[in-house]
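For reference, the structure is listed below as structure tokens.
Throughout, read-outs are computed from the coordinates displayed, never taken from laboratory work. Please read all numbers here as calculations on a predicted model, not as lab measurements. When we count neighbours, we look across all protein chains shown, and the Cβ atoms used for this are built from the backbone with ideal geometry, even at glycine.
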Amino acid sequence: MNNSVGNTARLLGAGLRALLVLTVLTGILYPLALTGVAQAVFPGKANGSEIKSEGKVVGSELIGQTYNLPLKDGEETASPDLKWFQPRPSNGLGSNSVNPQYTLILSGATNRSGDNEELIQWVKDAKAAVVKDNSTADYKVKPSDVPAEAVTSSGSGLDPHISPEYAELQVHRIAERNNLGVNQVERLVKDNTDGRVLGFMGEPRVNVLTLNIALKELITS
């Protein structure tokens with residue numbers, strides 16, 4: 001009987017010691033080591049790929065944002081602030097006009113098939129809005145000029161990038177709204193266009209947040 005109690009006590013003691021050692025190793029030392037390596041090697045990515053403007057964090061380069069006017073009385077959906085470059089359409093983006101206040105609303109795709117009548121109407125309405133919003137007195141956008149991502153959301157609804165083609169389509173409107181030269185804005189788009197990863201993976205893309213930060217700096221300079 002005494003031997004049985006002693007054996008049980010030894011087993012419990014060994015189990016508790018193993019639990020303590022493994023807790024320290026895997027719950028404290030290992031996470032601290034990984035955090036230290038990440039901070040040393042990839043500090044930007046480890047901290048959420050934050051983007052700063054005027055010394056303040058205004059968002060992440062991994063998450064898209066909308067650039068809308070304040071809601072008016074009776075409005076359910078805010079109108080886009082057309083002095084800024086606009087991202088892909090989505091109900092899942094946070095609201096930000098290049099400021100430190102960032103609120104994430106939701107994330108997700110429409111989950112509607114390509115022949116869904118409601119989705120088709122959304123795309124038609126979005127295309128008409130892109131044509132109307134980006135046409136100026138001396139520059140007319142044709143429906144055939146509108147790229148796919150200008151009228152469709154991404155799978156997550158949080159894509160921070162647009163194509164260089166969509167950014168360029170917005171150049172004349174941006175120049176007119178901000179009293180800038182078209183050449184100035186075109187240069188801005190070119191300077192903020194990222195090429196293919198390693199030269200062959202993916203497609204060229206423009207991060208809308210970094211582009212709008214550069215636009216803000218150009219306006220205020």
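Alpha carbon centre of the range 180-197 versus the range 136-151: separation in Å?
18
Straight-line reach only, C-alpha to C-alpha below 12 angstrom: list the aspartates and glutamates that K45 could link to, leaving out same-chain residues fewer than 8 apart.
Straight-distance partners of K45: E61.
Please determine, in degrees from 0 to 90 and to the nearest 10, the orientation of helix 117-134 with respect to the longest principal axis defined by the Cα atoms of the chain, where the helix direction is its Cα long axis.
Here the helix axis deviates by roughly 60 degrees.
Please give the helix 182-191 orientation as an angle from the longest Cα principal axis of the chain, in degrees from 0 to 90, rounded to the nearest 10.
20
Are there trypsin sites (Lys or Arg not before Pro) in the range 138-221 that DSSP puts in a loop and that have at most 13 other Cβ atoms within 10 Å, and which ones? Display every interim value, and only then the final one.
On the way: sites: K140, R173, R177, R187, K190, R196, R205, K216; in loops: K140, R196.
Passing both the DSSP loop test and the Cβ count: K140, R196.
Angle check, please: helix 30-41 long axis (alpha carbons) against the longest principal axis of the chain (alpha carbons), in degrees 0 to 90, nearest 10.
The two axes meet at around 40 degrees.
Diagonalise the Cα gyration tensor of the range 133-220 and give the resulting equivalent ellipsoid semi-axes, square root of 5 times each eigenvalue, largest first, whole Å. The partial results should precede the final answer.
Working: eigenvalues 95, 58, 29 Å².
Rounded to whole Å, the semi-axes are 22, 17, 12.
Quick check for me: using +1 on Lys/Arg Cβ and -1 on Asp/Glu Cβ, what's the dipole size of the range 50-220 about its Cα centre, in debye to the nearest 20?
With Lys and Arg at +1 and Asp and Glu at -1, about 260 debye.
With each run of n ≥ 4 DSSP H residues scored as -39500 (n - 2.57), what mean residue ellipticity at 222 nm is computed for the chain after dividing by its residue count and rounding to the nearest 500 deg cm²/dmol? Could the numbers behind the result be given before it?
Values: 8 runs with 93 residues, N = 221.
Mean residue ellipticity at 222 nm (helix-derived): -13000 deg cm²/dmol.
Counting only other residues whose beta carbon sits under 14 Å from that of P80, what net charge do I get with K and R as +1, D and E as -1? Write out the running numbers ahead of the final one.
On the way: positive: K72, K83, R88, K132, R173, R177; negative: E75, D81, D125, D133.
Charge balance near P80 sits at +2.
Using only the C-alpha atoms of the chain, find the volume of their convex hull and express it per residue in Å³.
It comes to 245 Å³ per residue, whole-number rounded.
Dividing the Cα convex hull volume of the range 2-44 by residue count, how many Å³ per residue is that? Write out the running numbers ahead of the final one.
Details: hull volume 1.4 nm³, N = 43.
Output value, Cα hull per residue: 32 Å³.
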